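Step one of this worksheet: look at the structure below.
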Amino acid sequence: MEPLSSDEPIFPAAGAELPAATDSATSAPGAAGAPDVAFAPRTDLSALTAHVEAVRQQIGQVIVGQQDLLELLLVALLADGHVLLEGVPGVAKTLTAKLLARTLAVPFSRIQFTPDLMPADVLGTSIFRPAQGDFEFRPGPIFASVVLIDEINRAPAKTQSALFEVMEERTVTQDGTTHRVSSPFVVLATQNPVEQEGTYRLPEAQLDRFLFKLNVGYPTLAEEVQILQGHHSGFGGTPLEKVKPVLSAQDLADLRRQVGQQRVEANVLEYIAKIVGLTRAHKALYLGASPRASLALLNGAKALAALRGRDFVTPEDVQTLAGPVLRHRIMLTPEREMEGGTPDEVVRAIVQSVEVPR
């Protein structure tokens, strides 16, 4: 390892349908009053669309439903962001993350967080070499392109804090030497919101490093019947073997470069800033979102627009992602919590209070 030199929901709830994509052939960005004329995208997104569809098809061989979850995972992947998956046991959180990783031809590692896990078990450690008379750094499992952290809230604060640097800066500093992790680098973490025994609350600084927090819900009746039918007919066994890599590290880098070229009008940037800014003064919130949340909302909206075949961002893209981006970055006041309020309700109210740019 080479060291470096020093009411009607604006956004969807779990299981809800995401807003339909805007037709890129008839909609164009611009200031208020822009004419509704035929518009051809300036950026050719056909390669991106083809790659995304290939990933969907691979995962669809195993996973039934969860299309909204998969779309947002792909958005995070294109936006170079980490994802926290929260849901009760048995709703395919871990399986979905493993399947997504399997579609990528990049190194993958899984870390099972436990109360006795130490930072060195995650980051790596320096081993003394008697023959050479020096220390050699042995990278830990965090040195992979896709890292699945299962039950992330089961490790204590000391181990959680070891993730701060690598999740934000993509580097690990051990014994005064800084090592860069591979590119791409994505953390997919899971946690159970119900079980409290043997768990630790994630620090706010760590939560802020996740692009999205996604709530994984139960399947619909029809989807659950389909799951049962597949299992009864012999589907299962080793489902991961059905999924093949369809996206290389270079492919992903190229797609992310395209996402970075998305057009964003000034009024949409102001729209994002207003939404995030209102979380800092809302009477129901003890803690609002930082500028990192604004950047996350912007990057996510650009990726979502590209995923839906547009080379420009609309306010609807921002609305769709407001919940996933903000729900884990804000803290309710004790009074609001006692009243049974939720972060999603507050975010929804804030989004509805901001005038939508036209």
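Just so it is clear, none of the values below were taken in a lab; they were calculated from the coordinates. Predicted model, so just to flag it, every value in this text is computed and none were measured. Reconstructed Cβ throughout: ideal geometry from the backbone, glycine too, with neighbour counts over all protein chains shown.
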3J(HN,Hα) from dihedral phi, region 215-231, Karplus parametrisation 6.51/-1.76/1.60, rounded to Hz, x for glycine, proline: 8, 8, x, 6, x, 6, 4, 4, 5, 5, 4, 5, 4, 5, 4, x, 5
In nm, spacing of pseudo-spin labels at Arg358 and Glu337 (7 Å Cα→C-beta vector): 4.2
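Above 29 angstrom, tally the Cα pairs of the chain and express them as a % of all pairs, no decimals. Mind showing how you got there, number by number?
On the way: 28144 of 63903 pairs.
Counting pairs separated by more than 29 Å, the tail of P(r) holds 44 percent.
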Antiparallel bridges, percent of DSSP beta bridges restricted to region 120-188 (to nearest 5): 75
Calculated FRET value between Ala273 and Glu241, using beta carbons and R₀ = 41 Å, to 0.05: 0.30
Radius, Kirkwood style, for region 45-245 when every pair of distinct Cα atoms is counted (Å): 18.3
Distant-in-sequence amide H partners of Ser126 (H built 1.01 Å from N, under 5 Å): Arg138
Residue pairs, from the table Lys98/Lys213; Lys158/Lys283; Lys274/Lys302, whose Cα atoms sit over 24 Å apart: Lys158/Lys283
Estimated dipole of region 249-308 in Debye, rounded to 20 [Cβ of Lys and Arg +1, of Asp and Glu -1, Cα centre]: 180
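Taking the beta-carbon count within 10 Å as an exposure proxy, list Met338, Met118, Met167, Met331 from fewest neighbours to most. Provide the component values of the computation, followed by the final result.
On the way: Met338 9, Met118 13, Met167 22, Met331 16.
Ranked by crowding around the Cβ, least crowded first: Met338, Met118, Met331, Met167.
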Residue order, fewest to most surrounding Cβ atoms within 10 angstrom, among Glu224, Glu241: Glu241, Glu224
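Report the gain in length on full extension from Gln261 to Ala222: 0.36 nm times residue separation, minus Cα-Cα distance, nm rounded to one decimal.
Working: separation 39, 0.36 × 39 = 14.04 nm, distance 3.97 nm.
Fully extending the segment from Gln261 to Ala222 adds 10.1 nm.
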Debye, to nearest 20: dipole size of the chain, +1 on Lys, Arg Cβ, -1 on Asp, Glu Cβ: 560
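Stretch Thr114-Gln196 to full length: gain in nm at 0.36 nm per residue minus the Cα-Cα span?
Details: separation 82, 0.36 × 82 = 29.52 nm, distance 1.35 nm.
Extra length available between Thr114 and Gln196 comes to 28.2 nm.
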